[in-house]
């Protein structure tokens, strides 16, 4: 091949590459941009808004220079780590969880349950007591395994570096949102942000996250063999200790009391245990912690105090829940309990329409 032929070949490759870029798009994506929450923008005093935003930026950085409230003055290496986490987040997570981590991504309105809003520091499936912040390991686990029965997929094929980086970036968004929320509530109530008290809000966020690292919930008693006999005892406790009030005698959750709202203001219901989809995890220790600690942000309470004098009852309940959740897998018949329609807005509207039709002398359709 002559020199001219080589040159022509290279030019042809370059043209093909440029054509490909033109067809597929080679524009740079918009840079990440954080925005103040509605609580901030609704403050009547613009100067107070500016003061609050400045405090949040001083402690959380900006979208171009993110930092953890618990890790002020990050090193260059730490900054690169968080920027890498931001890149993973914007590729894998922003569509659902949004730029601010408030659960308002473009897909959020089409999903049930809605994507998690990190900005209150509340995470459902943790290994820490009710009300506590999650351990970093809890968030890594959720990213790795996903949440069964929801739109949160597992990302177990991502490199460990990506998972750890995106988890740390989620913690940035959560800590930023939590500080912003607390300052906005104070500004709204007091109509000012007293410099004397601002450090207390920052310290509160820092302490909550740092304490979570050493707050791993350990079982009150060692795990026994989860036998059929224990499951039978667990069913007795399930029916007598208040569990069936929401989950139903058959575990399906079709009860009149199975209605409520979560901490984000959305309707939520006790799980159908017979579905086999235990969102907090399928291992005995996962179920144990859900019973003992409750589930953050939901009406599901913790039963640690209730079983303080009979700690083995928690393991009995674990055995029963696991037995119940596996029935469909083993093609076992599930006795039908009392079935009640969900008291949703759609059902209420349908009932009102039917009543109106009856009063008017016309039979409702369907």
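Every number in this text was worked out from the coordinates using simple rules, so none of it is lab data. Just so we're clear, the structure is a prediction, and the values are computed from it rather than from any experiment. Note that we place each Cβ from the backbone using ideal geometry, even for glycine, and neighbour counts take in every protein chain shown.
Rounded if a/c is under 1.5, else prolate if a/b beats b/c, else oblate: with a ≥ b ≥ c from the C-alpha gyration tensor eigenvalues square-rooted, which is the stretch 68-193?
Since a/c reaches 1.5 but b/c is at least a/b, the shape of the stretch 68-193 is classed as oblate.
Could you tell me how far the Cα centroid of the stretch 236-293 sits from the Cα centroid of the stretch 87-153, in Å?
Using only Cα atoms, the two centres lie 20 Å from each other.
Under a plain spin-label model, where a point goes 7 Å from the Cα along Cα-to-Cβ, how far apart in nm are residue 305 and residue 156?
For the pair residue 305/residue 156, the computed spacing is 3.8 nm.
Compute the distance in nm between two label points, each set 7 Å from the Cα along the Cα-to-Cβ direction, one at residue 285 and one at residue 77.
Between residue 285 and residue 77, the simple spin-label model gives 2.9 nm.
How much FRET efficiency would the formula 1/(1 + (r/R0)^6) give for residue 191 and residue 227, where r is the Cβ-Cβ distance and R0 is 56 Å, rounded to 0.05? Mind showing how you got there, number by number?
Details: r = 61 Å, r/R0 = 1.10.
Working from the Cβ atoms, E equals 0.35.
By how many nm would the segment from residue 29 to residue 145 grow when fully extended, if each residue of separation counts as 0.36 nm and the alpha-carbon distance is taken off?
38.9 nm
Sort 202-211, 285-294 for me by packing, meaning the mean count of neighbouring Cβ atoms within 10 Å per residue, highest on top. The partial results should precede the final answer.
Details: 202-211: 16.3, 285-294: 21.4.
Going by the mean number of other Cβ atoms within 10 Å, highest first, we get 285-294, 202-211.
Quote to one decimal, in nm, the extra length available between residue 58 and residue 327 on full extension: 0.36 nm per residue of separation minus the C-alpha distance between them. Mind showing how you got there, number by number?
On the way: separation 269, 0.36 × 269 = 96.84 nm, distance 5.33 nm.
Once the chain is fully extended between residue 58 and residue 327, it gains 91.5 nm.
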